[in-house]
Amino acid sequence: MQKRSGVTTVEYRMAGPADQAAIQWLWDYCFERESDPFYQWYFSQYYALDRVLGGYDGDQMDCCLHLNPYTLELRGRAVPVSYIVGVATRPEARRGGAVRGLLQASLGEMRRREIAVSILMPSAVGFYRPLHWEFCYHRLVYKLSPMDLKGFQGGPGRMRPATMDDFGRMQAIYRTFLAEKHGYVLRSFANWQQLFEEHTLGGGRIYILEEGAAPIGYLFYALQGSTLVVREMAFVDGAAQTSLLQFLHNHRSQVEHIEWNAAIDDDVLFSLPNPKGQVLLEPMMTGRIVDVAAAFTGLPWSGSTAPIRLRVDDPLAPWNDQLFLLEEQDGCVTVTPCGEGTGDVRCSIGALTQLLFGRLSVEELHRAGRCQGEAIAMAALSTLLPPMINYINEYY
């Protein structure tokens, strides 16, 4: 694919062996330096050349992004997604539209790979949002003194350092912790191994909580000067969460601050002595539907069996910029692209993504002027795509 950027024609294609040095140079220039432990781990243990899409001025790679593979739980289904990371541009090639074209080209590449949904953690929201990567995940951010956790005492179990032999036990905790959540990564053994390696390479610590022989909680954390930073906290119930918070409180003579992230339905804030100013709601991860037909086909149908005529606006992906007929067959959604047409409901691809992820409801989007249509069809779409509590904790 080629696109004009200023006076230059940019070609977008998957990277090849000759691009290895340019890919690493761009990461070093824009993100971690080559000497950084994460950089060294990423390019030696995780990165794959066949996941990098580049924008080229002749033979020179001016920009690139990485399409890292994950599987999400979305609406009761295991959905393969591409996590877009490492969007980087040479300084002399910026502000010419090359990265916008790169992201548009990534939609075509993901569709070619039969990936229907993408996720992206934005550094510049104002750049990505007009391209319809919309926030689908928020989180609570706790920034406390250890003494604020003084009231969390008497929880069950015993903490011990975790090893790689504990992946299965941590997986059991993770699944229970997320039983009422949505949009989370279905972690494989390889995902756990990568998380373990990446977290510990910088001195991070991992502890598991056990009650007798049963695993009931774990912590990934690091001591960074006067602050204890929790990378991930998971537990099977409130009692186990109390034990983990008590463990954090036990660092009161060692650190001045404790920080961690939690799902938006976490209720620890209601038990803090003075939560005002200590708990923030923070946008985290965006999503974007790559292929409407593929994303909705097979979705569990709920509510009225009357078909929904959905008109989607997508300025970057012509295969999405049309009318779709959603119908019920054997309890699942079937999708028929219909070309031009007004439909019973109309919304942008970004708004539809937030509906699919369950971050916003039809009613909320309607109030914001981002979803319009006939009342009956809007109600049917609302029943099909109710709001959900989303959680994700992946960073690359």
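Using a Cα distance threshold of under 29 Å, what count of lysine pairs results for the chain when pairs must be 8 or more residues apart or interchain?
Close lysine pairs under the 29 Å cut-off: 5.
Report the calculated FRET efficiency for Glu340 and Leu272 (r = Cβ-Cβ distance, R0 = 45 Å), to the nearest 0.05.
Here the calculated transfer efficiency is 0.25.
Quote the relative contact order of segment 77-229 in percent (integer), defining contacts as alpha-carbon pairs under 8 Å separated by 6+ residues.
Computed over segment 77-229, the figure is 19 percent.
Could you tell me the center-to-center distance, by alpha carbons, between segment 177-248 and segment 295-370 in angstrom?
If you average the Cα positions of each part, the centres end up 37 Å apart.
Arrange the peptides 329-336, 271-278, 23-30 so that the one whose residues have, on average, the most other Cβ atoms within 10 Å appears first.
Order by mean packing, descending: 23-30, 329-336, 271-278.
Please find the FRET efficiency linking Asn250 to Arg113, where r is the Cβ-Cβ separation and R0 is fixed at 35 Å, and quote it to the nearest 0.05.
0.15
Over the chain, calculate the relative contact order: mean separation of alpha carbon pairs under 8 Å at least 6 apart, over the residue count, as a percent.
Relative contact order, the chain: 17 percent.
So, R0 is 25 Å and r is the distance between the beta-carbons of Ile264 and Ile376; what FRET efficiency does that work out to, to 0.05?
FRET efficiency, Ile264 to Ile376: 0.20.
Just to verify a number: what accessible area does Glu34 come out at with the full protein assembly present, 1.4 Å probe, Å² rounded to tens?
110 Å²
Mind putting a number on the dipole of segment 165-248 about its Cα centre? Charges go on the C-beta only, +1 for Lys and Arg and -1 for Asp and Glu, and I need it in Debye to the nearest 20.
Taking the Cα centre of segment 165-248 as origin, the dipole is about 160 debye.
Rank by packing, highest mean first: peptides 55-67, 189-201, with packing defined as the count of other Cβ atoms within 10 Å averaged across residues.
55-67, 189-201
Toward the positive end of the charge dipole of the chain, about the Cα centre and with charges on Cβ (Lys, Arg +1; Asp, Glu -1), which of His257, Ile23, Val362 goes farthest?
It is His257, whose Cα lies furthest towards the positive end.
Note down the relative contact order for segment 212-338 as a percent, whole number, built from C-alpha pairs under 8 angstrom at least six residues apart.
16 percent
May I ask you to rank Arg252, Arg367 by accessible area, largest first, using a 1.4 Å probe over the protein chains only?
Arg367, Arg252
State the label only: which of [x] 5, 22, 28, 21, 12, 7, 3, 1, 0; [y] 5, 20, 28, 25, 17, 5, 0; [z] 5, 24, 33, 24, 10, 3, 1, 0 corresponds to P(r) over Cα pairs in 10 Å bins from 0, in percent computed from the shown model?
[y]
Run the accessible area of the chain with a 1.4 Å probe and give the carbon-and-sulfur part as a rounded percent.
Carbon and sulfur together cover 50 percent of it.
What does the charge count near Asp36 come to, summing +1 for each Lys or Arg and -1 for each Asp or Glu among other residues with Cβ under 14 Å from its Cβ?
Spelling it out: positives minus negatives among the neighbours equals -3.
In the chain, which Cys residues have no partner Cys with a Cβ closer than 4.7 Å?
Cys30, Cys63, Cys64, Cys136, Cys332, Cys338 - these cysteines have no disulfide-compatible partner (Cβ-Cβ under 4.7 Å) in the chain.
Calculate, for the chain, the solvent-accessible area per residue in square angstrom, rolling a 1.4 angstrom probe over the heavy atoms of the protein chains.
43 Å²
The values are calculated or read from the model by the stated rules, or taken from the named source; none is laboratory data. Computed from a predicted model, the values in this text were never measured in an experiment. Here Cβ is always computed from backbone atoms with ideal geometry, including for glycine, and neighbour counts include all displayed protein chains. Keep in mind that these areas ignore ligands, DNA and RNA; they rest on the heavy atoms of the full protein, side chains included. Shrake-Rupley method; radii C 1.70, N 1.55, O 1.52, S 1.80 Å.
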